[in-house]
Structures are given as structure tokens and as C-alpha cells.
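*Asks:* Here's a structure for you.
Just so it is clear, none of the values below were taken in a lab; they were calculated from the coordinates. Fair warning: this is a prediction, and the values are worked out from it, not measured in the lab. Because the Cβ atoms are built from the backbone with ideal geometry, glycine has one as well, and the counts that use them run over all protein chains shown.
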């Protein structure tokens, strides 16, 4: 599995995740349209497809084929797993006091 | 120079004519027999002298791999303008038309993408300037 942090280090890939939270099962074409129309991202479909490959390698995007179409859906589980070690230890400790 | 005709490749011309007329609502403009196939075009009922859409047979061996790759990525072969994408979506869904993209509004444009049952995806577009 690819590195979750590397996957979300790129602003375009974060925009793709933003758009996939609006609804699941999006084609590459829909994702490209959303990025171009809503975010003025002027990358080629090829470039966006490569960003999707990296998100998929990190487990953050799942793809499924339905008949002739390929759909993309966000999966946040790797994100939760990646930060769980800090969140669980933070919960056991009192919050740091603010400086006076 | 003017654009008067464009084309989509269709698996079966008779089935395509039924879908493009009975389901989408276009009207037949030309039908000229050419051996096992025909020169077959449709036009918009709202613009009978407008751009013709040629329903071209898809049996050239290059067509299917090309088209499957486009359809897999959800890329439409053609785009048609409608007054109300949401209304068309509801109407066509009742006729069992499959959409790969439900209506989506982005600024002044609303689009949806449907399967024409003859091998292609079609984008419906509505411009809502000033809305």
C-alpha cells in the first residue's frame, strides 16, 4: 500500500478527495469536470488519472467496474488508521495548558 | 465553413434509430440504403434544418477498443443541449435509461451523462446564465 501522507500531500489530490465526498461512484470524466468547472484545475485527464492511481495505491480511493463503466469512491479508513496512534495517545493525556 | 453533420458510432442502426427518436426525441432526417447498412441521420425536432447526427455503423475493428476505453472512463461521444437537465433525467430514468453521471450543477452549467444503449455515452447540458 502507498503512503497515505504522500497521497494527501498534493493539493490536487486533496481536491479530488473533496469532490468524492460529495457523492460516490464517479467516473474519471465526472472527476475531471468537477475539477475544471468548480476549481479551475486545468490538468489533462491523463494527469488526473495518474493522481487517482496514487490515491488508489494509498487505499484512499476504491474503484469498481459496473458493466462497461469504472467508478471511483473515497475510502477514509486508511486515513483514520494513519492518525489513530496519535489520537489514541492524546485521549489518554490531559490537554496541554495554554501559556499565560 | 459550417458544421452541418457530426456522427456517433452505433452497434445497431435500427436500435439506435429507436433510441434516438423514441427515447431522446429526435426525428429521422435521412435514410439511404448502403448495402447492409444505411446513411442514417437524425435532427432535433426543435431545429429540423439544424446539425444532423449521423448514426454510423460501428463495425470497423478500431471502433470498439476506442469506444470501450472512452466509456470506461465515462467520456461522452456527443453532447446535447436541453432546457432542464433535471427534468430530462427524471423523464429518461422512467424509460430505464442508465446514467453514469447524475445531474450536477457547476456554476452556470448543469450536466448529466447517459448511456445510449448503442455503445456511447451522451452528455446532456443546460446553460443557466444569470441564474
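*Asks:* Taking the stretch A:46-75 as the region of interest, how many residues are loosely packed, with under 12 Cβ neighbours inside 10 Å and in a loop (DSSP other than H, G, I, E, B)?
*Replies:* Residues that pass the stated criteria total 1.
*Asks:* Report the residue count in the stretch B:120-129 for those that are assigned to a strand (DSSP E or B) and either within 10 Å of chain A (Cβ to nearest Cβ) or under 20 Å from residue A:39 (Cα atoms) (or both).
*Replies:* Looking only at that region, the number is 5.
*Asks:* Then there is this: If only one of A:60, A:20, A:15, A:55 is within 14 Å of chain B (Cβ to nearest Cβ), touching a residue at least 24 places away in the same chain (Cβ under 8 Å) and in contact with a strand residue (DSSP E or B) (Cβ under 7 Å, 6 or more places away or on another chain), which one is it?
*Replies:* A:20
*Asks:* Does the stretch B:52-71 contain at least one residue that is within 11 Å of chain A (Cβ to nearest Cβ) and touching a helix residue (DSSP H, G or I) at 6+ places or on another chain (Cβ under 6 Å)?
*Replies:* No - not one qualifying residue is present in the stretch B:52-71.
*Asks:* Within the stretch B:83-107, track down each residue that is more than 9 Å from every other protein chain (Cβ to nearest Cβ) and either under 19 Å from residue A:34 (Cα atoms) or crowded, with 17+ Cβ neighbours inside 10 Å (or both).
*Replies:* Matches in the stretch B:83-107: B:85, B:86, B:88, B:89, B:92, B:97, B:99, B:103, B:105.
*Asks:* Here's a follow-up. Could you tell me whether residue A:29 is assigned to a helix (DSSP H, G or I), out of contact with any helix residue (DSSP H, G or I) (no Cβ under 6 Å at 6 or more places or on another chain) and over 29 Å from residue B:104 (Cα atoms)?
*Replies:* no
*Asks:* Please enumerate the residues belonging to the stretch B:87-119 that are within 23 Å of residue A:73 (Cα to Cα), in contact (Cβ under 8 Å) with a residue 24 or more places away in the chain and not in a strand (DSSP E or B).
*Replies:* Passing the criteria: B:89, B:97.
*Asks:* Hey, another quick one. Against the condition touching a residue at least 12 places away in the same chain (Cβ under 8 Å), surrounded by fewer than 16 Cβ atoms within 10 Å (Cβ to Cβ) and closer than 15 Å to residue B:104 by Cβ, how does residue A:39 come out, does it pass?
*Replies:* For residue A:39, the condition - touching a residue at least 12 places away in the same chain (Cβ under 8 Å), surrounded by fewer than 16 Cβ atoms within 10 Å (Cβ to Cβ) and closer than 15 Å to residue B:104 by Cβ - is met.
*Asks:* Report whether or not residue A:96 is under 28 Å from residue B:109 (Cα atoms), exposed (fewer than 13 other Cβ atoms within 10 Å of the Cβ) and more than 10 Å from every other protein chain (Cβ to nearest Cβ).
*Replies:* So residue A:96 does not fit the description; no.
*Asks:* Here's another thing I want to ask about it. What about residue A:70, is it touching a helix residue (DSSP H, G or I) at 6+ places or on another chain (Cβ under 9 Å) and over 15 Å from residue A:7 (Cβ atoms)?
*Replies:* For residue A:70, the condition - touching a helix residue (DSSP H, G or I) at 6+ places or on another chain (Cβ under 9 Å) and over 15 Å from residue A:7 (Cβ atoms) - is met.
*Asks:* Would you confirm, using the coordinates I've provided, whether residue B:110 is touching a helix residue (DSSP H, G or I) at 6+ places or on another chain (Cβ under 7 Å), buried (at least 16 other Cβ atoms within 10 Å of the Cβ) and under 23 Å from residue A:29 (Cβ atoms)?
*Replies:* yes
*Asks:* Mind checking which residues of the stretch B:1-38 are assigned to a helix (DSSP H, G or I) and touching a helix residue (DSSP H, G or I) at 6+ places or on another chain (Cβ under 8 Å)?
*Replies:* Within the stretch B:1-38, just B:23 meets the criteria.
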